[in-house]
Structure formats: C-alpha cells, structure tokens
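The structure appears right after this line, and notes come after that.
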Amino acid sequence: MTEPFRGSFIGGDFVASGRGDRFASTDPSKADEIVFEARADVDEVEAAVSAARAALPAWRRAGRTSRADALLRVKAALPRHAAGLAEAITAEMGKTIAESRAEVSLLGAKIDGVLAQLDSELPPAPVGAPGEQRFHALGVVGIIGPFNFPLHLVHTHLVPALLTGNTVVAKPSELTPLTGQRYAALFADAALPDGVFNLIHGLAATGAALAVHRDVRGLIFTGSYATGRHIRQATFDQPFKKVCLELGGKNPAVVLDDLLDDPAGLGFDHCVREIVLGALLTTGQRCTATSRVIAAPAIASRLRDALTEAFAAIVPGDPTLESTFMGPLAQRSARDRYLALLAAARAQGARVLVEANAIGGPSGGGIYVTPGLYEVSGDEAIVHEELFGPHVAFEVAADEDDAFRRAGSNDYGLSASLFSSRPETFERFYDEVAAGVLNFNRSTNGASGLLPFGGVGQSGNWFPAGSAAPRLCTYPVAVMAGTSAQRTANPQLDGLLAAQDSKARSTT
C-alpha cells in the first residue's frame, strides 16, 4: 500500500509534525512486507489532550440529541470507508477479509446499540425521590486499543464516551497504524466539532504518556494482564482517574456426558463445531477464545477423537481470500512466544494430540501456525496462561463435580461455556464458575454489546465494553433544590434561631 502518513488527528485536523520515531506495520501473511510507515511523537499526547479539554465544555452542554446527530453522521459516512477499513485490518494484522468486514459492520451497529441503551443505563431518579439523578461526563477519556480488533475495541469504548458528553483521545495499536488513520478519516468525513475526537499514533511510550496524563479522567485499556498491571501501578496516585481494564481470558468449555443421550448426535456435533469455532476464529487471537476443553469421562474419548480430526484438518491460508477460515498470527514475537509456551507444556508432560507448527504461507512466507491440541492433566502452565493462538488444552475430568471444579479454578474470568442437554446444570455452572460471560451450548465467543461484557479476576474490571459502558463513562450526581417555602426540617436549629431573634428584639 502506498498511502502516505497524514499524522495524528488532533483538534479536527491531521497533524504531521515530522518528529518522533519512525515505525511501520507489516503484513503477517507475507515475509515482512511493509504495509504502512508512521511516526511516534510523544509530544502529541499533550496537544491531543489539550484539544480534547478545550472541546469538552461545549460538547458536554450540547445535549444528547446533538451528540447523537454527530455520531449518526459517522454511521452515515461509514459506507464510503468500509472497504478501505476492512482491507487495512487484513493487511496489518492478518485477520481474514470475511472477519475484517464483519468487524467494520459492527461500527454502525454499535452507535445504534448505545443510543438504544442510554435511557435504561442512565435512568432518572425513582418516583418519590427528593431531587434529580443525573450522570456527569468524566471529562477527557483516553482509549488504548489492541491489535486483534483494532477498530471494534476502540469504537466500542469511544461511542458511549462521546454520547455521554466526554471527549476522547484514542491511541490505536502500533501494529495497525493504517487502520487507525483510516478510522480517523471516517470521523473527519463526519465533521464532528474540533477536538471532540482525537487519535494519536505511537509506540509504548505514547500509550504510557496518555495513561498517566493528569487531565485524562477516564482511561480504557485493552491488552495483556502484564501491561494492565503496569498501568494500575503507574496511575496508583491518581485516584480521581477511572482506570478500566480488559485483560484477556483463559476460557473453558465444559462438556458433560449427557450430550451422548441424543440418539441423532446433534448435540455432540454442535458442541464440536462450537469448540472449533471458539478456538480458531481470528487464529485464536480473541480474549474470548476457547482455550480449555474440560470433558466429563464418558464423553471424553469421542470428543478427543472428534477435535483431533477437526484440528488436524484445518490449515491456515491467505487472509485476503473470501474462503479462508484462519489466517496468520499478527506478529512474529507472538508466534515465538506461543511456540515456546507449547514447548514448555510438552516438557511438563502434556500429550500432543495435534501439534502446532510454524509453516510457510501460500506465498512461502508469513507468520503462520497450524492449530494445536494438547491433552493435559490440569497442572501445566498453559492451563492457566493465555497463549493467544489457535490452541486448546484438553482435560478429562473424573466426574461432573471435578469438571466444574476445574472450570472454576481459573485466575482469569472472562468467558466460559457449558455443553449439556440438561438446562438445570447451567445454574450450578453459574454458581461455581466466576466469569463475566457465561454461555450455554454455544462458543465462548459471541458476546453482545447489548449485554454486559467484561471479566473478573485477571480479566479486568468495570466491564467497559458492554451495556454498562454509558454508566462507566459518567459519575452519578444528585441534584436537590430548596426554597424559602421548603425549609430543611431541624427543630433544634429553629429553636436557637428563634431565641436569638427574641433576644435581639428585647435589646432594641
């Protein structure tokens, strides 16, 4: 691609300072082919936050209807930008073009969804309350996005932030600067007021500067637990800042023996398909990816064989082709880490059912790996560590009780699935497995923005990506008004004041 770098989008215009470190995105489906060159200028953080602060009063006072109209202009402009946005996602991080188009299609739906949620998520005070309940914008909100959903996981935070009266400074992943530039162009086309939306490019230092800036009153980060932990430490002395973290998961799918009771086998076949889909969509680079399968003893052998056959048959391919199901990993360092963790698991005794191998792509290069399936005892490190690749750790439980215990033994708590023909088993699953997203007879993937989304434990806090987002972007305010005819009752004070008044009159 030959598109020039236009700079960060600050105060309603693209600003190319010409300073800072050069960096580039590369196509993971090819041999280090450069997609887009950009610059990282940490000083632009200050400029972007200042622009957002300047725009804040007018945007906040504009009212919900005006803000909604502005976001609907973004939606209206989307068809002019959709093809280029999807193309950029695929080129920079290797997501299949079908998945990239699906991600772009979420942008307009997110605007509609948040607009529909505002009344229920930001309700008035209950009838009989002695005043109003309002929700005040936090102020300037910083958003640090990930590479795996480079548009959706910026946009899903940006929309509720803007609609509730905040202004935004967003930093896309350094792996996807072209995607970020084209996203900023979408907002430039929609002509929002200057400074309401700002986008800055950069590396880790830029994200760190945005995170700790004292004028940023809300921060939303999506990424690894290690980076999220660092952000919490760096902002410890900023208690005024709402720090919202989405930090991944190690998501189990529990499969109970009663699926075998279906004589047609439809429940079992459905389960296998959902597990494969959950594990391998986006080449396993989803925070909700199925990364553990815990099978009850009677179904374990059949499920092991079915998953082994399915994983062995899937080969990653060219992400630009409509027919490709799984593309490359997004970066070479991720592949190296992924293969190193699998080597450690083998050394710890994990049994290889299907080996994950680095392979050359259709053009001979690229960061491709085949799906992996290991049988584990439950003590190996990969049972508790997010691999972020196309791999499942397969465990055989002693019984149903043991299956639930294993699923509940998880430092993360983002998503979990239960496959069973008995609906009543789900209530026990709900009681014993702590996770923000619990699915019954479906993949661990497939969250909805109309429902809560987020995790517990090491998966993060605040549930910033789902239906709770409008509240997250605000703080509640009680407003009560008094008049001389409606005094606050206090007979003791009234007695003192009356005595004072009587004394004053007696001395005159």
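The values are calculated or read from the model by the stated rules, or taken from the named source; none is laboratory data. These numbers were taken from a predicted model, which means no experiment stands behind them. Backbone-built Cβ (ideal geometry, glycine too); neighbour counts: all protein chains shown.
A few notes on this one:
- Filtered by the rule that a residue be aliphatic (A, V, I, L, M) and surrounded by fewer than 18 Cβ atoms within 10 Å (Cβ to Cβ), segment 379-437 gives Ala381, Ala398, Ala434.
- In segment 2-15, residue modelled with the lowest pLDDT [restricted to those that are in a loop (DSSP other than H, G, I, E, B) and out of contact with any Ser or Thr (no Cβ under 9 Å at 6 or more places or on another chain)]: Thr2
- The criterion of at least 2 residues that are modelled with pLDDT of 95 or more, surrounded by 24 or more Cβ atoms within 10 Å (Cβ to Cβ) and out of contact with any Ser or Thr (no Cβ under 8 Å at 6 or more places or on another chain) is met, among strands (runs of 3 or more DSSP E) falling completely within segment 122-181, by 140-144, 167-171.
- The condition of being out of contact with any helix residue (DSSP H, G or I) (no Cβ under 7 Å at 6 or more places or on another chain), under 28 Å from Gly218 (Cβ atoms) and not β-branched (Val, Ile, Thr) holds for only one of Glu33, Glu46, that being Glu46.
- Of the candidates Gly284, Gly218, the single residue that is touching a residue at least 24 places away in the same chain (Cβ under 8 Å) and more than 30 Å from Ala312 (Cα to Cα) is Gly218.
- Some residue of segment 458-481 being over 30 Å from Leu162 (Cβ atoms) and either under 14 Å from the mean Cα position of the chain (by Cα) or not assigned by TED's automatic domain parsing to the domain that holds Thr288 (or both): no
- Taken together, Leu341, Leu307 contain a single residue that is crowded, with 18+ Cβ neighbours inside 10 Å, under 26 Å from Asn410 (Cβ atoms), under 26 Å from the mean Cα position of the chain (by Cα) and not assigned by TED's automatic domain parsing to the domain that holds Ala88, which is Leu341.
- Count of residues meeting criterion [at pLDDT 95 or above and either of a type in the set (A, V, I, L, M) or crowded, with 17+ Cβ neighbours inside 10 Å (or both)] in segment 16-38: 10
- All positions within segment 1-49 that are over 24 Å from Met93 (Cβ atoms) and in contact with an Asp or Glu (Cβ under 8 Å, 6 or more places away or on another chain): Ile10, Gly11, Gly12, Asp13, Val15, Ser17, Arg19, Val49
- Considering Ser409, Ser363, Ser333, Ser421, the condition of being of a type outside the set (A, V, I, L, M, F, W, C) and closer than 27 Å to Gly466 by Cα is satisfied by Ser409 alone.
- Which numbered condition Gly248 fails, given (1) buried (at least 18 other Cβ atoms within 10 Å of the Cβ); (2) of a type outside the set (A, V, I, L, M); (3) at pLDDT below 95; (4) closer than 20 Å to Ala403 by Cα: (4)
- Being under 29 Å from Glu385 (Cα atoms) and modelled with pLDDT under 95 is not true of Gly223.
- Criterion (more than 30 Å from His157 (Cβ to Cβ), among the aliphatic types (A, V, I, L, M) and out of contact with any strand residue (DSSP E or B) (no Cβ under 8 Å at 6 or more places or on another chain)) met by exactly one of Val272, Val293, Val255: Val272
One line per residue, one yes/no per condition, for (1) of a type in the set (Gly, Ala, Ser); (2) buried (at least 22 other Cβ atoms within 10 Å of the Cβ); (3) assigned by TED's automatic domain parsing to the domain that holds Glu385:
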{"position": "Leu219", "(1), (2), (3)": "no, yes, no"}
{"position": "His230", "(1), (2), (3)": "no, no, no"}
{"position": "Phe236", "(1), (2), (3)": "no, no, no"}
{"position": "Leu259", "(1), (2), (3)": "no, yes, yes"}
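- Ala350 vs. criteria under 27 Å from Glu33 (Cα atoms) and of a type in the set (A, V, I, L, M, F, W, C): no
Residue-by-condition table, conditions (1) closer than 20 Å to Val272 by Cβ; (2) under 21 Å from the mean Cα position of the chain (by Cα); (3) assigned to a strand (DSSP E or B); (4) at pLDDT 95 or above:
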site	(1), (2), (3), (4)
Ala407	yes, no, no, yes
Asn410	no, yes, no, no
Glu427	no, no, no, yes
Tyr430	no, no, no, yes
Ala434	no, yes, no, yes
Arg442	yes, yes, no, yes
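- For segment 315-327, the criterion of being modelled with pLDDT of 95 or more, outside any loop (DSSP other than H, G, I, E, B) and in contact with a Leu (Cβ under 7 Å, 6 or more places away or on another chain) is met by no residue.
- Subset of segment 455-508 (residues that are part of a helix (DSSP H, G or I) and closer than 30 Å to Leu245 by Cα): Ala469, Pro470, Arg471, Leu472
- Check on Ala205, buried (at least 18 other Cβ atoms within 10 Å of the Cβ), among the hydrophobic types (A, V, I, L, M, F, W, C) and outside any strand (DSSP E or B): no
- Taken residue by residue, segment 54-72 has no member that is farther than 26 Å from Pro470 by Cα and either in contact with a strand residue (DSSP E or B) (Cβ under 8 Å, 6 or more places away or on another chain) or outside the structural domain of Phe187 (by TED's automatic domain parsing) (or both).
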